[in-house]
Amino acid sequence: MPAALDALVEELREADRQERIELLIDLANELPPLPEHLSRFKDEAHRVPECQSPVFLFLERDGPKVRIFADVPPEAPTVRGFVCLLIQGLDGATVEEVLAVPNDLIQRTGMAELLGMQRASGLAGVLRRLKLMVARTESDSKAN
Amino acid sequence: MGRRFSGIIPRPAHPRTMATAVPTTPALDDLRADFPALDQEVRPGVRLTYLDNAATTLKPWPVIRAVQAFDAEYPANVHRGIHTLSERATEAYESAREKVARFIGAAEVEEVVWTRGTTEAINLIAQSWGRTFLKEGDEIVLSDLEHHANLIPWQMLAKERGVVLRFAEISDDGRLEPEAVERVLSDRTRVVAVTAMSNVLGTVVPLEPIVAMAHDRGAIVVVDGAQGVPHRAIDVGRLPVDFLAFSGHKMCGPTGIGVLYGRRELLEAMPPAWGGGSMVLRVSREGAEWNELPYKFEPGTPPIAQAIGLGAAVDYLSRLDSEAVASHERSLMEYAHRRLAEVGGVRILGPEPEYKGGILGMDVEGVHPHDLAQLLDRHGVAVRAGQHCAMPLHHRLGLPATARASAYLYNTTDDFDRLAEAIADARRLLHDRRPRRPA
């Protein structure tokens with residue numbers, strides 16, 4: 001795992017239940033706004049279907065590295081916090097690093113225990129979706 | 001097979017108080033002591049405040065013990081066993097059916113069909129009665145309040161048979177006025193299928209005029225009683241609905257057991273929806289002769305322990321004064337409306353307490369209902385969040401989801417104090433807290 005993601009996971013894992021939820025809310029407040037050039041692409045193709053809240057994910061390639069952008073409503077701080085964790089932890093990571101992020105990331109952070117099975121599965125959908133998008137950009141770049 | 005039991009039950013004057021000789025209203029603390037799940041900490045130091053009763057209610061000791069007794073002492077299959085345990089199981093199982101029949105004021109015990117729950121009961125009506133008696137162009141009237149259980153089965157039927165669905169619209173405060181139903185009735189209306197109480201807003205539907213209007217048009221009335229039966233007595237003897245569906249687990253009973261009540265002549269005319277053992281009298285290679293009511297709708301080994309548990313739940317509820325319970329729940333809602341008005345940013349959805357049962361739909365400013373439920377759980381307050389299987393209603397409300405606190409007979413004003421405090425704390429946590437992480 002990239003060091004930045006590892007540090008965030010560790011911080012959450014070591015927190016108690018109360019601290020963990022506060023950390024997530026803090027992360028939610030740190031999510032940068034979606035760049036203007038991406039705002040008009042907030043459509044079904046960029047939406048994470050597993051999340052009931054409207055979560056939109058975007059990827060840009062910078063050579064071998066990926067940049068992740070997202071839009072999550074502030075009313076959904078736990079989802080927004082998790083998405084921000086992915087962005088902060090994986091910003092500038094390589095395709096391989098993103099694809100190597102363990103699928104049980106949510107369990108490793110202790111968030112599964114906090115959020116319950118149903119919501120944890122929604123968040124796992126965000127990670128799955130991100131990996132799928134990264135894999136697609138990789139195969140598109142190879143095809144070109 | 002075909003074991004007859006009690007035959008016709010005389011319709012009692014007050015069916016909900018018939019199961020025991022002396023209806024009583026125990027003090028709330030005594031009543032709460034009957035529900036062991038109430039007395040717990042969900043995490044060390046965090047006591048449970050259970051306000052998710054519209055999803056499922058807690059079970060009192062008599063229900064738990066009745067299910068345990070079946071499993072421990074006489075776990076035999078019913079009806080055909082010529083041995084003591086099977087006789088005992090059959091007696092307990094069929095006695096539960098009689099209790100349920102009395103509880104809802106059914107004229108005959110054979111009018112009570114066991115199902116897995118409300119959903120299966122309504123599917124049974126749609127698949128059996130609907131497929132047999134509805135034809136292209138016939139109309140089914142529903143309302144904006146309906147749970148998917150009282151919508152999807154009719155949509156499936158409509159698609160298959162060319163039946164038209166029409167929707168009675170609710171008012172902005174979530175009430176279903178009889179006039180709204182009348183506006184969508186026509187000469188082609190064959191079914192009016194409505195909930196007795198909205199599972200999202202708590203709106204109590206005025207069934208009496210709706211039943212009268214539907215019957216005037218020659219339509220049958222199907223009532224989704226999943227929320228209504230546990231909270232208000234629906235006496236099918238006094239209110240002549242044609243079908244009533246409800247679930248055991250929303251009225252102190254076990255999950256996996258529900259009821260379809262149907263008027264005898266309607267049930268008699270319906271073919272079975274599913275085939276198998278127990279629902280037949282004679283079988284040859286070529287065909288079968290259906291068993292009598294209610295067995296022709298109950299193939300296979302039934303949910304015996306669950307039915308016995310529901311019988312115990314009905315006994316338990318019948319001991320209570322239903323008017324006192326209704327009044328207690330109404331007081332709780334009046335208190336909740338007042339108390340939550342003191343918490344900033346809480347919008348209570350649906351009508352004023354006088355038009356609703358013990359369900360409180362909420363929209364809390366700046367917090368998605370899922371996150372709200374998460375934050376309330378920190379305080380041990382159990383509520384539900386989402387669309388509550390009522391997507392068209394949420395579309396009508398213009399909300400992606402709602403939070404719902406729902407009360408039952410064991411809840412107290414303290415529970416709603418804790419809800420209000422937990423909501424206020426959630427809002428503080430989200431909006432007025434110094435960040436833990438360095439900027």
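The values are calculated or read from the model by the stated rules, or taken from the named source; none is laboratory data. Everything numeric here is computed off the predicted structure, so don't read it as measured data. Cβ: placed from backbone, ideal geometry, glycine included. Neighbour counts: every protein chain shown.
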Conditions (1) over 30 Å from residue B:155 (Cα atoms); (2) within 14 Å of chain A (Cβ to nearest Cβ); (3) surrounded by fewer than 22 Cβ atoms within 10 Å (Cβ to Cβ); (4) out of contact with any Leu (no Cβ under 7 Å at 6 or more places or on another chain) -> residue B:373 fails only (3)
One residue is enough: does region B:142-149 have a residue meeting the conditions within 19 Å of the chain's Cα centre (by Cα) and more than 23 Å from residue B:230 (Cα to Cα)? no
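Name the residue, out of B:110, B:120, B:160, B:94, that is in a helix (DSSP H, G or I) and within 20 Å of residue B:317 (Cα to Cα).
Values: B:110 fails: within 20 Å of residue B:317 (Cα to Cα); B:120 fails: within 20 Å of residue B:317 (Cα to Cα); B:160 fails: within 20 Å of residue B:317 (Cα to Cα).
Exactly one residue qualifies, and that residue is B:94.
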Of (1) under 19 Å from residue B:205 (Cα atoms); (2) out of contact with any Asp or Glu (no Cβ under 8 Å at 6 or more places or on another chain), residue B:328 satisfies every one except (1)
When region A:56-91 is checked residue by residue, the ones that are among the basic types (Lys, Arg) and more than 13 Å from every other protein chain (Cβ to nearest Cβ) are A:61, A:65, A:67
In region A:107-141, anything within 11 Å of chain B (Cβ to nearest Cβ) and out of contact with any Leu (no Cβ under 9 Å at 6 or more places or on another chain) is listed as A:113, A:116, A:118, A:119
From the option list B:151, B:165, single residue qualifying as in contact (Cβ under 8 Å) with a residue 60 or more places away in the chain and of a type outside the set (Ser, Thr, Tyr) is B:151
Screening B:289, B:352, B:334, B:298 for residues that are away from chain A (no Cβ under 14 Å), out of contact with any Gly (no Cβ under 8 Å at 6 or more places or on another chain) and without any contact (Cβ under 8 Å) to a residue 12 or more places away in the chain leaves only B:289
The residue from B:419, B:409, B:393, B:429 that alone is among the hydrophobic types (A, V, I, L, M, F, W, C), assigned to a loop (DSSP other than H, G, I, E, B) and in contact (Cβ under 8 Å) with a residue 24 or more places away in the chain is B:409
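Looking at this structure, is residue B:400 over 21 Å from the mean Cα position of the chain (by Cα), within 28 Å of residue B:176 (Cα to Cα), in a loop (DSSP other than H, G, I, E, B) and within 11 Å of another protein chain (Cβ to nearest Cβ)? Give the derivation first.
Details: over 21 Å from the mean Cα position of the chain (by Cα): yes; within 28 Å of residue B:176 (Cα to Cα): yes; in a loop (DSSP other than H, G, I, E, B): yes; within 11 Å of another protein chain (Cβ to nearest Cβ): yes.
Yes: the conditions hold for residue B:400.
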Across (1) assigned to a loop (DSSP other than H, G, I, E, B); (2) in contact with a Gly (Cβ under 6 Å, 6 or more places away or on another chain); (3) buried (at least 24 other Cβ atoms within 10 Å of the Cβ), residue B:244 clears everything bar (1)
All conditions in (1) in contact with a strand residue (DSSP E or B) (Cβ under 9 Å, 6 or more places away or on another chain); (2) within 27 Å of residue B:431 (Cβ to Cβ); (3) not in a strand (DSSP E or B) are true of residue A:68 except (3)
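Determine which member of the set B:415, B:363 is among the charged types (D, E, K, R), surrounded by fewer than 24 Cβ atoms within 10 Å (Cβ to Cβ), more than 15 Å from residue B:54 (Cβ to Cβ) and at pLDDT 95 or above. Explain how you work it out, then say what you get.
Values: B:415 fails: more than 15 Å from residue B:54 (Cβ to Cβ).
None of the other options fit; the residue is B:363.
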Of the residues in region A:7-55 that are in contact with a strand residue (DSSP E or B) (Cβ under 9 Å, 6 or more places away or on another chain) and part of a helix (DSSP H, G or I), the one that is farthest from the other protein chains (Cβ to nearest Cβ) is A:38
